[in-house]
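**Q** Input: one structure, supplied below.
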Amino acid sequence: MMSTGGQQNKDVQEFMCRIKDLNTRRLSGQSDSDDMKNTTDTFRWLRNNSPFLDDTDKCRLLDSGLIEICLWYCNTYFANESLSCSILLQFLANFSVGHENSQRQIFDGFCSTLRHFIVSSQDSKLLNNSMMLLYNLCLCDVNFREEILKDANIVQQIMTHWTLKELEYSKIFLDSIFSNSKDFLLVFTNLPDCSKDELMNIISIWLDNYNKEVSLDVIVVIRNNFFIDCAIEKITRHVVNVLAKASNIEKFNSEIKSHTALLKKIMDLLVSIHKCVKDNDDSNDFSRVKDLSALFNSDVQTHNRFWFKSDLIRLIANMCFNNQKHQNLMRSDNIIPILLECCAFDAKNPLMREWSLFALRNILEGNLDNQNFVANIDSIGSIDPESSVKLTDTLKMASIKNSISDSDTMFI
């Protein structure tokens with residue numbers, strides 16, 4: 001930091017001189033390689049020294065026409081110079097820190113330019129710096145943020161680029177969206193359906209790798225808005241997958257495990273789709289694919305119901321663990337026979353048999369009424385002969401915990 005007011009004043013004068021020089025060059029129409037280098041070096045100096053300015057100094061520079069000058073250089077003079085544009089944007093980011101007036105003026109002047117760079121630029125440095133500046137501006141003004149998060153084109157580009165290490169602000173943007181349920185809902189509402197699925201798929205990846213960045217409120221919004229309050233036919237496999245993964249993460253599982261209304265909706269959905277499977281209509285989205293080789297078929301892997309039933313059963317398994325109320329619902333609503341019939345191979349639902357067995361184990365553990373129910377299953381109704389599980393083996397699963405230490409978890 002600067003030690004004296006005189007030194008600070010000297011540096012402000014240097015700023016004013018350099019900005020005046022930039023404006024003189026702009027008005028003169030100079031354009032040669034040396035001038036391009038000198039101009040870029042000027043913005044580099046401004047970038048490096050702007051953090052030392054106080055609020056009064058920034059206001060003086062804004063009054064001198066700084067934003068208009070920068071906008072001309074960015075859009076016209078540096079139109080084919082991505083590196084120079086990036087340095088200019090870095091300067092504006094440094095200059096705007098902690099200063100509301102400059103943030104507003106930069107947003108008003110540069111918003112359309114930043115949008116254009118984010119949507120159309122192929123230069124990773126320029127893309128990242130555009131996202132950085134836009135992100136920093138959005139942090140300080142809720143209206144700016146709402147305007148940007150409603151822009152499906154920008155959000156789609158952010159979603160496209162997050163895997164690239166050189167575009168770190170794409171991931172930072174997504175982190176901020178997934179940490180705030182209001183922002184998440186705003187983004188989701190304004191995306192087209194295909195991008196909504198992709199956003200859910202990205203959250204699923206976050207739950208695997210960056211679940212600390214996902215807020216509980218976002219998972220609650222997904223549970224309530226896109227599952228419990230959603231028509232059965234509108235529930236997507238991506239939503240079910242997010243809830244299934246969240247049920248396995250300590251940060252979220254208590255909120256999911258204890259939610260009986262969620263379980264009842266899962267049960268209704270399982271009954272509905274299981275009926276579709278039993279109708280043996282191959283054209284049905286939920287029709288079973290019995291051929292093992294189909295598991296590696298791209299049409300099956302990209303099917304809109306791929307993993308759907310497996311993830312529903314995974315949710316049931318986790319929600320019934322050590323929860324007698326939920327265990328009893330499996331019996332009273334006749335879900336146990338469905339789970340027994342789900343112990344069969346379906347290429348459209350990898351691991352469905354394993355999840356069904358695990359769900360049955362959690363449903364029977366410590367529940368004599370459920371164990372007696374399964375013991376008398378023949379008097380209740382027929383079981384699909386293709387199911388590969390024996391009822392005696394199912395009953396044995398109820399005593400598995402005797403060989404497991406208390407520190408082990410039955411969540412998967």
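**Q** Would you pick out the residues in segment 77-91 that are farther than 17 Å from Asp21 by Cα, open to solvent by 20 Å² or more (accessible area, probe 1.4 Å) and of a type in the set (Ser, Thr, Tyr)?
**A** Of everything in segment 77-91, just one residue is farther than 17 Å from Asp21 by Cα, open to solvent by 20 Å² or more (accessible area, probe 1.4 Å) and of a type in the set (Ser, Thr, Tyr), namely Ser82.
**Q** Another question, then. Anything in segment 178-192 that is among the aromatic types (Phe, Trp, Tyr) and open to solvent by less than 10 Å² (accessible area, probe 1.4 Å)? List them, or say none.
**A** Result: Phe178, Phe184.
**Q** Considering every residue within segment 208-223, establish whether at least one is surrounded by fewer than 17 Cβ atoms within 10 Å (Cβ to Cβ), acidic (Asp, Glu) and over 16 Å from Leu243 (Cα atoms).
**A** No.
**Q** I would also like to ask the following. Which count do you get for residues in segment 101-120 that are surrounded by fewer than 20 Cβ atoms within 10 Å (Cβ to Cβ) and under 29 Å from the mean Cα position of the chain (by Cα)?
**A** 9
**Q** Another question, then. Being among the aromatic types (Phe, Trp, Tyr) and in a helix (DSSP H, G or I) is the filter; apply it to segment 341-366 and report the residue that is farthest from Ser310 (Cα to Cα).
**A** Of everything passing the filter in segment 341-366, Phe358 is farthest from Ser310 (Cα to Cα).
Results for (1) of a type outside the set (S, T, N, Q); (2) under 31 Å from the mean Cα position of the chain (by Cα), shown as yes or no for each residue.
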residue	(1), (2)
Leu329	yes, no
Asn334	no, no
Cys343	yes, no
Pro350	yes, yes
Trp355	yes, yes
Phe373	yes, no
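**Q** So which pairs qualify, if the first residue must be in segment 350-371 and open to solvent by 20 Å² or more (accessible area, probe 1.4 Å), the second must be charged (D, E, K, R) and at pLDDT below 95, the Cβ gap must be under 7 Å, and the two must be at least 6 apart or on different chains?
**A** Listed by first residue and then by second, the contacts come to Glu365/Lys401.
**Q** Within segment 235-252, can you find the residues that are touching a residue at least 60 places away in the same chain (Cβ under 8 Å) and open to solvent by less than 30 Å² (accessible area, probe 1.4 Å)?
**A** Passing the criteria: Val240, Leu243, Ala244, Ser247.
**Q** Tell me, which residue of segment 234-274 that is closer than 23 Å to Asp197 by Cα and among the hydroxyl-bearing types (Ser, Thr, Tyr) is farthest from the chain's Cα centre (by Cα)?
**A** Among them, the one singled out is Ser272.
**Q** Report whether or not Ser96 is small (Gly, Ala, Ser), closer than 30 Å to Lys165 by Cβ, at pLDDT 90 or above and surrounded by fewer than 18 Cβ atoms within 10 Å (Cβ to Cβ).
**A** no
**Q** Same structure again: Inside segment 162-177, can you point out the residues that are over 13 Å from the mean Cα position of the chain (by Cα) and either of a type in the set (Phe, Trp, Tyr) or open to solvent by less than 30 Å² (accessible area, probe 1.4 Å) (or both)?
**A** At the first step, the residues of segment 162-177 found to be over 13 Å from the mean Cα position of the chain (by Cα) are 164-169.
Leu167, Tyr169 - these are the residues of segment 162-177 that are over 13 Å from the mean Cα position of the chain (by Cα) and either of a type in the set (Phe, Trp, Tyr) or open to solvent by less than 30 Å² (accessible area, probe 1.4 Å) (or both).
**Q** Hand me the list of helices (runs of 4 or more DSSP H) wholly inside segment 270-339 holding 3 or more residues that are modelled with pLDDT under 95.
**A** Once the helices (runs of 4 or more DSSP H) in segment 270-339 are filtered for at least 3 residues that are modelled with pLDDT under 95, what remains is 298-301, 308-320.
**Q** Of the conditions (1) at negative phi; (2) surrounded by fewer than 16 Cβ atoms within 10 Å (Cβ to Cβ), Arg145 clears all except one; give me its number.
**A** (2)
**Q** Now for a different question. May I ask you to verify whether Gly65 is modelled with pLDDT of 90 or more, at positive phi and open to solvent by 10 Å² or more (accessible area, probe 1.4 Å)?
**A** Yes; evaluated as a whole, the condition is true for this residue.
**Q** Cβ contacts < 8 Å: first residue within 19 Å of Leu27 (Cα to Cα), restricted to segment 70-85; second residue among the charged types (D, E, K, R) and open to solvent by 10 Å² or more (accessible area, probe 1.4 Å), any location; separation 6+ or different chain. Result?
**A** These pairs meet every condition: Trp72/Arg26; Tyr73/Arg26; Tyr77/Arg26.
**Q** What do you reckon, is Thr76 outside any helix (DSSP H, G or I) and either modelled with pLDDT of 95 or more or β-branched (Val, Ile, Thr) (or both)?
**A** no
The values are calculated or read from the model by the stated rules, or taken from the named source; none is laboratory data. Model, not experiment: these values are computed from the prediction. No Cβ is skipped: glycine too gets one built from the backbone with ideal geometry, and neighbour counts run over all protein chains shown. Side chains included, ligands, DNA and RNA excluded: accessible areas come from the protein's heavy atoms. Shrake-Rupley method; radii C 1.70, N 1.55, O 1.52, S 1.80 Å.
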